1. Give segment 43-63 a look and list any residue that's within 20 Å of R28 (Cα to Cα) and outside any loop (DSSP other than H, G, I, E, B), or say none.
2. Just checking, how many residues over segment 85-101 are under 26 Å from G61 (Cβ atoms) and at pLDDT 75 or above?
Amino acid sequence: MAGGNAIRGTRVGAGPMGESERGEAAPRERVSYYCANGHETAPSFAAEAEIPDAWDCPRCGLPAGRDHQSPPAPPRNEPYKTHLAYVKERRSDADGAAILEEALGKLRASREL
Ligand SMILES: [Zn+2]
């Protein structure tokens with residue numbers, strides 16, 4: 001360990017972003033994203049474009065991230081509920097069926113216009 005001063009010469013500021021400069025020959029850059037279901041998608045971006053941290057998986061719609069070791073967790077949204085579903089929860093099945101009939105009737109009517 002001679003020359004203990006060598007370490008002081010190390011350049012400061014060479015951050016982890018250094019790789020962004022390598023794409024000179026390629027005008028577009030492919031970036032891989034991985035979703036929680038293990039899908040990989042690799043959209044390409046213009047070299048000068050800002051690469052987003054997240055991307056929607058085109059196969060399952062979950063958010064995909066650039067780190068395939070830890071993809072973003074799927075959002076824990078409630079499954080989509082229609083107004084009818086809410087109404088049915090509060091009423092008896094018979095009422096629900098009647099409402100469904102009415103809704104379907106309106107739907108058909110509006111389609112025939
Ligand atoms: Zn997916």
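The values are calculated or read from the model by the stated rules, or taken from the named source; none is laboratory data. Since the model is a prediction, treat every value here as computed from it, not as a measurement. Positions of Cβ are generated from backbone atoms using ideal geometry, with glycine treated the same way; all protein chains shown enter the neighbour counts.
1. The answer is S44, F45, A46, A54, W55, D56.
2. 1
For (1) at pLDDT 70 or above; (2) not basic (K, R), each residue gets a yes or a no:
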| residue | (1), (2) |
| --- | --- |
| A26 | no, yes |
| E29 | yes, yes |
| Y33 | yes, yes |
| G38 | yes, yes |
| I51 | yes, yes |
| R66 | yes, no |
| P79 | no, yes |
| L104 | yes, yes |
| R108 | yes, no |
